[in-house]
Amino acid sequence: MTDDIDDSPVPPLAADPSAGARLAAAREKAGLAVADVARHLKLTVRQVEALEADDYGRMPGAPFVRGFVRNYAKFVGLDPEPLVASLHGLPAPEPAIVTASGGRGIELTVRGRHSRMRVLVVALIVLLVALPLFFHLWLQGGSSPTVPHAPTQPRPMRALPRVRPAPARPAPPRASSAVPPAPQKAPAASTAPAVSTASSGAAVTPGKAVIKMAFAGQSWVEIRDQSGKVIFARLNPAGTSQAIAGVPPFHVVVGDAPEVTLTYNGNVVDLAPTTRNDVARLTLK
């Protein structure tokens, strides 16, 4: 008697999502477009699409790919270390260089894996030091070159006409009467308070408005002013607050909107009517 053998194919185990798939899912959850990520990371849209598709053949090299993935993960609020550790299919290093000398071929062999790893570690350290500094400068609005102002020459003052003093009038003769003249009343001092011309330091510049935000949970916020320029773009930790001044109208995108309390010129703004999938998009005029 023979046992029946089940030769049906065994379904493969579900693999963990790749680094690119996890980055794309986090971006969609934050309500960001591919162009938003490309603009923040200073990459092209094709490079961001290649990262999300795990197509590293179109990237410049392994150290750059790891740096891009690390910064992308930080931007969308993911832990970068597991994503960097799961990278596969990175571009291979360049082959060894072969030269000829005196008619005899001499191959300049590249050192072993330790040398290659040393070069990669040095390149990665340079990226880790340079990229955060670059993004910090970008988030702060960038350092604009200062244009030296030409010293302005003072305008010549016009000579004021000399005023001749009026001739002194002779004193009136004293009255022969013994009754002294009634003393003249001094003009009453004005009780009106003096008007101060100094402007208060806490006053808002005319034409500008202030947006204040308090974060009960982690939230990504982007604010554009009247000209369309991004004046604030940052992932804000829980328990922090921000105050931004600029020229309205403002175009505001708030991720995880239920965790944010927003006030505009001292008035609380209800984000619920403009929130969809925990992302609020509104215009403040």
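With a simple spin-label model that places each label point 7 Å from the Cα along the Cα-to-Cβ direction, the separation between Ala33 and Arg46 comes to 2.0 nm. Rounded, prolate or oblate: which fits the stretch 209-284, taking a ≥ b ≥ c as square roots of the Cα gyration tensor eigenvalues, rounded meaning a/c under 1.5, else prolate when a/b beats b/c? Since a/c stays below 1.5, the shape of the stretch 209-284 is classed as rounded. The label-point distance for Ala245 and Ser86, in a model that sets each label 7 Å from Cα toward Cβ, rounds to 4.5 nm. Here's the list of lysines a cross-link from Lys208 could span, going by alpha-carbon distance under 20 Å and ignoring same-chain residues fewer than 8 apart: Lys229, Lys285.
FYI, it's all coordinate maths here, none of it is from the lab. Since the structure is predicted, the reported quantities are computational estimates derived from the model, not experimental observations. Positions of Cβ are generated from backbone atoms using ideal geometry, with glycine treated the same way; all protein chains shown enter the neighbour counts.
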